[in-house]
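Asker: Mind looking over this structure? Questions follow.
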Amino acid sequence: MATMSVSVMAHPKRSHLVPSLTERLGIGPDRVTWDRMNNRWDTGRRAWIDHDPGADYHMVIQDDATVVSDLVPGLVQALDHVPQEANVCPFIGQRRPAQQTVQRLMTLAISKRASWIEFPSLFWGVAIIAPTAVIPDMIEFGDSVTEYPNYDKRIGQYFVRVLHWPTFVTWPNLVGHRDVESLCGHGLGRTAHNFAGESYSALSFDGSGPVATYSDLPAHQMKRYYRRGRRVPLRGIREGL
């Protein structure tokens, strides 16, 4: 079974949310990385650096997340069903990217009784899980793409442009998002599409089920993306689904 360490990416303005989150995650205050200069990338990169080098995976979760019960052991159990060349996000947001394609993928997941939805890119930063082996190169890449102020955009672009890895999203979502005021001006309504709820145990999540993939959609509903072995435009990734 895989192993995973966890860090919380936190801002002092949301310090009141952190104790309950760390308690539900089963981690101590030493696993919290605090914003020190109102800089999303600085906080995020330090949260990734603060991984356990002996773990197979590391998760960085943000302070305004809500989580199901037993999230960490449940995800550890589920990661055994994820391809090695993939990152994981247990959240689908309602604000971005373009919701038409997101809705199509969720409809497909329902029809397939899927455990996962495979997206061609990482679109949400509420909780991100990646193999610890890629963290040094991921941080180096993130430091170089200064045109992106968004922390999750830098991480997502690394997986798309460098590794050409997809993002596996749990279905249902095991992480939600509080509908609180954004510190970055994103507005309200950034909640999860299908959060299983705080009373749901991640240990009951069956990660061995089918995968609903972007490539399963009819060709006329798809944009073109960088994929391993194929040279296709990056435009779709930058603009969103």
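Asker: How many of the residues in the range 101-110 are surrounded by fewer than 22 Cβ atoms within 10 Å (Cβ to Cβ) and either touching a residue at least 60 places away in the same chain (Cβ under 8 Å) or within 21 Å of Thr66 (Cβ to Cβ) (or both)?
Answerer: Within the range 101-110, residues that are surrounded by fewer than 22 Cβ atoms within 10 Å (Cβ to Cβ) and either touching a residue at least 60 places away in the same chain (Cβ under 8 Å) or within 21 Å of Thr66 (Cβ to Cβ) (or both) number 5.
Asker: Inspect the range 189-209 for any residue being modelled with pLDDT of 95 or more, open to solvent by less than 10 Å² (accessible area, probe 1.4 Å) and either in contact with a Lys or Arg (Cβ under 7 Å, 6 or more places away or on another chain) or β-branched (Val, Ile, Thr) (or both) and give the result as yes or no.
Answerer: Looking for residues that are modelled with pLDDT of 95 or more, open to solvent by less than 10 Å² (accessible area, probe 1.4 Å) and either in contact with a Lys or Arg (Cβ under 7 Å, 6 or more places away or on another chain) or β-branched (Val, Ile, Thr) (or both), one finds none in the range 189-209, hence no.
Asker: Identify the residue in the range 92-125 that is modelled with pLDDT of 95 or more and assigned to a loop (DSSP other than H, G, I, E, B) and, among all such residues, is farthest from Leu163 (Cα to Cα).
Answerer: Arg113
Asker: Would you say Val72 is closer than 17 Å to Val175 by Cβ, open to solvent by 10 Å² or more (accessible area, probe 1.4 Å) and hydrophobic (A, V, I, L, M, F, W, C)?
Answerer: Considered against the rule, which asks whether it is closer than 17 Å to Val175 by Cβ, open to solvent by 10 Å² or more (accessible area, probe 1.4 Å) and hydrophobic (A, V, I, L, M, F, W, C), Val72 comes out as yes.
Asker: For the list (1) free of Cβ contacts under 8 Å to residues at least 60 places away in the same chain; (2) in contact with a His (Cβ under 7 Å, 6 or more places away or on another chain), I need the number of the one condition that Ala65 fails.
Answerer: So Ala65 meets the others, but not (1).
Asker: Which count do you get for residues in the range 14-25 that are open to solvent by 70 Å² or more (accessible area, probe 1.4 Å) and within 19 Å of the chain's Cα centre (by Cα)?
Answerer: Count: 1.
Asker: Sort out which residues of the range 35-69 are closer than 23 Å to Ser204 by Cα and among the basic types (Lys, Arg), and write them in order of number.
Answerer: Correct list: empty.
Asker: Which residue is nearest to Ala192 (Cα to Cα), if the candidates are limited to the range 35-66 and must be among the β-branched types (Val, Ile, Thr) and either out of contact with any Asp or Glu (no Cβ under 7 Å at 6 or more places or on another chain) or open to solvent by 10 Å² or more (accessible area, probe 1.4 Å) (or both)?
Answerer: Thr66
Asker: Now for a different question. Output the residues belonging to the range 8-26 that are within 16 Å of Asp70 (Cα to Cα) and of a type in the set (Gly, Ala, Ser).
Answerer: Matches in the range 8-26: Ser20, Gly26.
Asker: With (1) among the polar types (S, T, N, Q); (2) over 17 Å from Pro210 (Cα atoms); (3) in contact with a strand residue (DSSP E or B) (Cβ under 9 Å, 6 or more places away or on another chain) as the list, and Ser115 as the residue in question, which single condition is left unmet?
Answerer: Going through the list (1) among the polar types (S, T, N, Q); (2) over 17 Å from Pro210 (Cα atoms); (3) in contact with a strand residue (DSSP E or B) (Cβ under 9 Å, 6 or more places away or on another chain), Ser115 breaks only (2).
Asker: Still on this structure: Which of the residues belonging to the range 136-172 are part of a loop (DSSP other than H, G, I, E, B) and open to solvent by 30 Å² or more (accessible area, probe 1.4 Å)? Talk me through it step by step, then tell me what you get.
Answerer: Keep residues of the range 136-172 that are part of a loop (DSSP other than H, G, I, E, B), which gives 145-150, 164-166, 171-172.
Result: Thr146, Glu147, Tyr148, Pro149, Asn150, His164, Trp171, Pro172.
The values are calculated or read from the model by the stated rules, or taken from the named source; none is laboratory data. Bear in mind the structure is a predicted one, so any value in this text is a computation, not a measurement. In this analysis, Cβ positions are derived from the backbone assuming ideal geometry, glycine residues included, and neighbour counts consider all displayed protein chains. All accessible areas refer to the heavy atoms of the entire protein, side chains included, with ligands and DNA or RNA removed. Shrake-Rupley method; radii C 1.70, N 1.55, O 1.52, S 1.80 Å.
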